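*Asks:* My questions will all concern the structure given below.
The values are calculated or read from the model by the stated rules, or taken from the named source; none is laboratory data. Computed from a prediction, not measured in an experiment: that's the story for all the values here. FYI the Cβ positions are ideal-geometry reconstructions off the backbone, even for glycines, and counts take in every protein chain you see. Side chains are part of the model used for accessible areas, which takes the heavy atoms of the whole protein and leaves out ligands, DNA and RNA. Shrake-Rupley method; radii C 1.70, N 1.55, O 1.52, S 1.80 Å.
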Amino acid sequence: MDGRKMADWNAVTDDQVERITRMVMEAMGRKQETGNGYLVPVGVSARHVHLTQEHVEVLFGEGYRLTKKKELMGGQFASNELVTIVGLKLRAIENVRILGPVRGKSQVEISATDAVKLGVKAPVRESGNVAGSAPVALVGPKGALYLKEGCIIAKRHIHMAPSDAMAAGLHDGDVVSVQADNERGTIFNEVQIRVDESFTLEMHIDTDEANAAQTETGDTVRILKG
């Protein structure tokens, strides 16, 4: 480096050095993310129920409205209301939370372990796809109802805002593989991408999948590049 260049560097202010350093670190971070896969936080989804307004009233009384306990992404919320799921041979799981707001079809989402306990053959499905799924009964404080179909094991998926999808090079409906970089080294295949403006970046897996991979809510997984 000649004397002129050294003089120019010495003239750089502390603020400029900080700004240059930050730019370099951000560039290195983007390079690492691109090279090793896109990082996604995990949200472990416990068993839960979605109901129509008609079914809310069957279980909790005429004119009843779900009450909000906690806000969730996409305009959903965890309600204060709980029900009991009853499967074949009257096997039951109590205190299952309802998620609001009400939907056009009632749906019960459980894990494979829950399905064994209830004695039902719940298929792995995308949320909302309940045609031909397992029958189940629900019991609330004011009544009970029988669903001829509606009990599923939710297909693992990743919620993304459009900006996240663009950064990851993915589109709504894409299917990817995801790796949990821990001592179990688990790779999740057949992970569906869901993109919507209301979504926050998060991969949803059920409790069975989380336990098998020693992964919990707040951990980070990595989308594998093809």
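*Asks:* Just need a number here: residues in the stretch 75-92 that are open to solvent by 10 Å² or more (accessible area, probe 1.4 Å), in a strand (DSSP E or B) and under 18 Å from A134 (Cα atoms).
*Replies:* 3
*Asks:* When the residues of the stretch 169-186 are filtered to those that are closer than 19 Å to N211 by Cβ and of a type outside the set (D, E, K, R), which remaining residue is surrounded by the fewest Cβ atoms within 10 Å (Cβ to Cβ)?
*Replies:* G185
*Asks:* Please go through (1) closer than 20 Å to P141 by Cα; (2) open to solvent by 60 Å² or more (accessible area, probe 1.4 Å) for L72 and return the number of the only condition it doesn't satisfy.
*Replies:* (1)
*Asks:* Can you work out which of the residues in the stretch 148-168 that are in contact (Cβ under 8 Å) with a residue 40 or more places away in the chain and open to solvent by 50 Å² or more (accessible area, probe 1.4 Å) is farthest from E62 (Cα to Cα)?
*Replies:* So, considering only residues that are in contact (Cβ under 8 Å) with a residue 40 or more places away in the chain and open to solvent by 50 Å² or more (accessible area, probe 1.4 Å), the one farthest from E62 (Cα to Cα) is A167.
*Asks:* Those residues that are farther than 19 Å from V56 by Cβ, open to solvent by less than 60 Å² (accessible area, probe 1.4 Å) and not in a loop (DSSP other than H, G, I, E, B), I need them from the stretch 94-128; list them, please.
*Replies:* If the condition is that a residue be farther than 19 Å from V56 by Cβ, open to solvent by less than 60 Å² (accessible area, probe 1.4 Å) and not in a loop (DSSP other than H, G, I, E, B), then I110, A112, D114, A115, L118, R125 are the ones that fit.
*Asks:* Restricting to the stretch 134-147, give me the number of residues that are small (G, A, S) and either surrounded by fewer than 16 Cβ atoms within 10 Å (Cβ to Cβ) or part of a loop (DSSP other than H, G, I, E, B) (or both).
*Replies:* 3
*Asks:* Now, a different point. Can you tell me which of (1) modelled with pLDDT of 95 or more; (2) open to solvent by 80 Å² or more (accessible area, probe 1.4 Å); (3) not aromatic (F, W, Y) is the one G226 doesn't meet?
*Replies:* The failed condition is (1).
*Asks:* Additional query: Exactly one condition in (1) open to solvent by 80 Å² or more (accessible area, probe 1.4 Å); (2) farther than 17 Å from S45 by Cα; (3) aliphatic (A, V, I, L, M) is not met by A131; state its number.
*Replies:* Condition (1) is where A131 drops out.
*Asks:* Test N189 against the criterion of being in a helix (DSSP H, G or I) and open to solvent by 50 Å² or more (accessible area, probe 1.4 Å), and give yes or no.
*Replies:* So N189 fails the test.
*Asks:* Checking the structure you have, find out if any residue of the stretch 23-43 is closer than 19 Å to V130 by Cα, surrounded by 11 or more Cβ atoms within 10 Å (Cβ to Cβ) and at pLDDT 95 or above.
*Replies:* no
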